[in-house]
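Encoded as structure tokens, the structure appears first; notes follow it.
Each value in this text was obtained by applying a stated rule to the coordinates, not by laboratory testing. Bear in mind that the values here come from a model prediction, so they are computed numbers and not experimental data. Here the Cβ is made from the backbone with ideal geometry for all residues, glycine too, and neighbour counts use every protein chain on show.
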């Protein structure tokens with residue numbers, strides 16, 4: 001991919017991670033620029049702690065735009081969008097009109113309004129498009145996908161996913177009550193914020209037929225978004241349960257997949273994968289030194305060096321259908337009924 005200019009919109013924690021990694025991967029000749037509206041996030045180290053000795057603009061040699069027209073008139077090869085979810089759509093449409101490739105933080109937006117037209121334009125213009133579902137680049141999760149496809153545990157019958165985190169501890173450099181994740185108007189809520197596992201379920205098993213969701217604002221702090229959700233996703237011969245909560249001090253991220261000839265267990269804390277089969281053989285795979293930055297690095301490396309139109313189409317599909325599942329879950333949360341999932345295309 002020929003990248004001459006790269007524009008960043010949103011330089012909070014996620015945006016600075018993309019900036020840091022792309023700066024390492026791209027040659028010095030690439031012009032790095034940013035549209036900055038508030039400039040409130042300080043320079044962050046890779047562990048998201050603040051380095052008060054460094055200035056973000058100076059450290060990365062950023063050309064700063066104060067208006068969007070000037071930013072897109074600069075004709076960026078790639079636009080990296082890492083703003084609160086509710087603002088994604090405006091920047092996505094501007095990027096497409098400017099014939100810019102796109103890297104966007106998950107989810108695509110807070111709803112699917114305009115998605116079909118967006119997808120059509122991206123494909124028609126042959127623009128590189130990547131939604132940052134970096135967990136797909138975890139070698140153990142990639143291995144899980146291969147094991148399922150090769151039917152090494154037979155046909156999946158049931159699966160469970162757990163995502164527990166503590167939103168109060170996500171960003172030490174800012175007041176958690178101001179995070180987009182806990183504000184409805186910014187596209188928050190645990191369902192949209194923790195959409196990674198929804199994407200993995202779609203990646204592993206395809207689009208479910210129906211979904212049932214219960215939950216809401218069950219934590220001790222009053223929020224206008226759901227902080228807790230329990231989901232049941234139904235396929236022809238497979239049920240998948242998901243437990244989500246981002247007001248849980250006891251953090252956990254894991255999944256279990258049970259087939260008619262074995263099972264798979266993954267645990268992020270230890271980052272190990274255990275594969276059992278019914279002849280009592282057990283295989284254990286470890287990735288001790290894997291970091292979140294490494295997943296982002298591998299994702300960005302592929303995007304820069306080995307990205308095809310087919311990859312863009314697949315990324316569009318995952319962006320749209322993961323969001324379609326969440327939208328159906330939100331509908332079920334309100335209706336108290338099982339809801340049909342409609343694909344995004």
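Quick look at the values:
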{"item": "Order of 20, 125 under a 10 Å beta carbon neighbour criterion, fewest first", "result": "125, 20"}
{"item": "Gyration tensor verdict on region 224-290 (Cα atoms; rounded if a/c is under 1.5, prolate if a/b is larger than b/c, oblate otherwise)", "result": "oblate"}
{"item": "Residue order, fewest to most surrounding Cβ atoms within 10 angstrom, among 64, 167", "result": "64, 167"}
{"item": "Helix axis angle, 139-149 relative to the chain longest principal axis, alpha carbon, degrees", "result": "50 degrees"}
{"item": "The chain: relative contact order in percent, alpha carbon pairs under 8 Å with at least 6 residues between", "result": "19 percent"}
{"item": "Shape of region 270-331, Cα gyration tensor, a/c cut at 1.5", "result": "oblate"}
{"item": "For region 219-337: rounded, prolate or oblate by the Cα gyration tensor [a/c cutoff 1.5]", "result": "rounded"}
{"item": "Using alpha-carbon coordinates, inclination of helix 13-25 to the longest axis of the chain, degrees", "result": "70 degrees"}
{"item": "Value of [θ]222 nm, deg cm²/dmol, for the chain, DSSP H segments ≥ 4, -39500 (n - 2.57) each, nearest 500", "result": "-9500 deg cm²/dmol"}
{"item": "Crossing angle, helix 196-205 versus the chain [Cα axis fit, 0-90 degrees, rounded to tens]", "result": "50 degrees"}
{"item": "Distance between modelled label sites at residue 55 and residue 145, nm, 7 Å Cα→Cβ extension", "result": "4.2 nm"}
{"item": "DSSP-defined antiparallel bridges as percent of all bridges, the chain, nearest 5", "result": "60 percent"}
